[in-house]
1. Go through 164, 124 for me and flag whichever is of a type in the set (A, V, I, L, M), assigned by TED's automatic domain parsing to the domain that holds residue 23 and in a helix (DSSP H, G or I).
2. Restricting attention to segment 47-59, does a residue exist that is under 18 Å from residue 217 (Cβ atoms), without any contact (Cβ under 8 Å) to a residue 12 or more places away in the chain, in a loop (DSSP other than H, G, I, E, B) and not aliphatic (A, V, I, L, M)?
3. Could you check, for segment 226-242, whether at least one of its residues is at pLDDT below 95, farther than 24 Å from residue 139 by Cα and either of a type in the set (Asp, Glu) or crowded, with 20+ Cβ neighbours inside 10 Å (or both)?
4. Return yes when residue 279 is in contact with a helix residue (DSSP H, G or I) (Cβ under 9 Å, 6 or more places away or on another chain) and either within 21 Å of residue 13 (Cα to Cα) or not hydrophobic (A, V, I, L, M, F, W, C) (or both) and no when it is not.
5. Here is a list of conditions, (1) in a strand (DSSP E or B); (2) within 20 Å of the chain's Cα centre (by Cα), and residue 156 meets all of them except one; can you say which number that is?
6. What is the residue count in segment 10-29 for residues that are assigned to a strand (DSSP E or B), surrounded by fewer than 17 Cβ atoms within 10 Å (Cβ to Cβ) and in contact (Cβ under 8 Å) with a residue 24 or more places away in the chain?
7. Give the number of residues within segment 247-273 that are small (Gly, Ala, Ser) and either in contact with a Ser or Thr (Cβ under 7 Å, 6 or more places away or on another chain) or surrounded by 17 or more Cβ atoms within 10 Å (Cβ to Cβ) (or both).
8. Within segment 53-74, how many residues are under 21 Å from residue 195 (Cβ atoms) and not acidic (Asp, Glu)?
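The values are calculated or read from the model by the stated rules, or taken from the named source; none is laboratory data. Owing to the predicted nature of the structure, the values given are computational and were not obtained by experimental measurement. Cβ coordinates were reconstructed from backbone atoms using ideal geometry, including for glycine residues, and neighbour counts include every protein chain displayed.
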Amino acid sequence: MGKRRKSPRTEKTNTVGKYGGLQYATSSMQGWRLEMEDQVNVSLRNSGKMKKWAYAGVFDGHCGKKTAKQCSKHLCKRIFKNVSRRQASNCLRVREDIIQGYLQQDQKMNESNINDDDSGSTAVCTIISPTHWYIANCGDSRAVLSRNGRVGFATKDHIPTNSVEKKRIIQAGGFVRGFRVNGRLAMSRAMGDFEYKTNRSKSPCSQVVIPKPDVTVLERNREADEFMLLACDGIWDVMTNSELVTFVRNQMSKTKDLKLICNRLLDHCLFKGSRDNMSAVLIKLPGCPTKEVLKQKRKLEFAKMHQAIKAKKLKPGSNDQKPKMNQKPVDAPTTNESQVKPKSNRVPINAYMRFYLDYLKTHRGNICELAKKCGSKWRNLEKGQKQIYQRRYLQAKRRLVKRQNKPIITSEPPVQNPEPLMPSLLS
């Protein structure tokens, strides 16, 4: 599960489609993993009671891909079958039907004993009706809705450190260690993973790991809703919700090709250091601004930013003009030469070097001692990042030594009156 390839596999699998004002594109990439365990599914209904309904789901498998494949193939059918039996206009009933669809799918997989390899999968999906959003999440995959250029809604990850999840895990006979269920599983809810669902005295929704999703019902806003994006944790490990919304809107101002936007998103996450499989489903809605409108808004944002930066640089009373190099402002008070403070010889240090200097100033020692002092912060860094920190710290130290003619950190206190290296010739 934790093994990696020597180099990432960047070939992508894509699907595109449109129906009833909705456009979608999917993209999946194996990345650094030895196997591709993600699955995606998009279904557009155009007949029967569920006409003009749409479904999209992302399934992030672990310890194998059988569970993710089964969920991708059958979960959509079970949900729509439950919803079509009753009145689809009742939001609470539809919500219950979605939950039952998840539980039925998990029970069916357990009975058919397809999980010989103890595989499991997250399951995040959205059901789009003509009037409402139904967003279901089980695990640490995520769905984000962009509304008026901001994050209108985002699902919450099911992690073992959550107080409610941790209480249920302990009551079912499990434990949390190292931010994982029983020291192994990184999520507290999942499809499959039947080795965590063996407590016969507990119901399916009271086990150590449960398949019950959190379902949120939102009313659609045709003018404000822009797009919905579903993705696995390979995306969210390196990007926040707001960063993703900004990235997608920025790409939409450059191109109308949703497939290209999804591919660029995966490449961007790979560049930022994602080490997992990556899959994403992008659904564009009728309320999304056109390419020209987004481009114009982007230009206005840059113009406002430029004006704000320019206003900060201008001094008051200068008639919106910068003073010359040796010219004092008109209203500037006169000061004596003795009152003028000497310029500091301190060399500016960037954020990479501060990580080292904050510890080295308090703990006099070398890099090895620093690693022990930093603890988890140092251990969580990748090997390449550690080398960057070391190299940039040494560069900053050399500049300080050259500028101040003395080291900023020494292993011994400096001598107050050092003796000359050679005796004076006059003595």
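1. After ruling out the rest, the residue left standing is 164.
2. The answer is no, given that none of the residues of segment 47-59 is under 18 Å from residue 217 (Cβ atoms), without any contact (Cβ under 8 Å) to a residue 12 or more places away in the chain, in a loop (DSSP other than H, G, I, E, B) and not aliphatic (A, V, I, L, M).
3. Checked segment 226-242: at least one residue is at pLDDT below 95, farther than 24 Å from residue 139 by Cα and either of a type in the set (Asp, Glu) or crowded, with 20+ Cβ neighbours inside 10 Å (or both).
4. yes
5. All conditions pass for residue 156, except number (1).
6. 6
7. 1
8. 12
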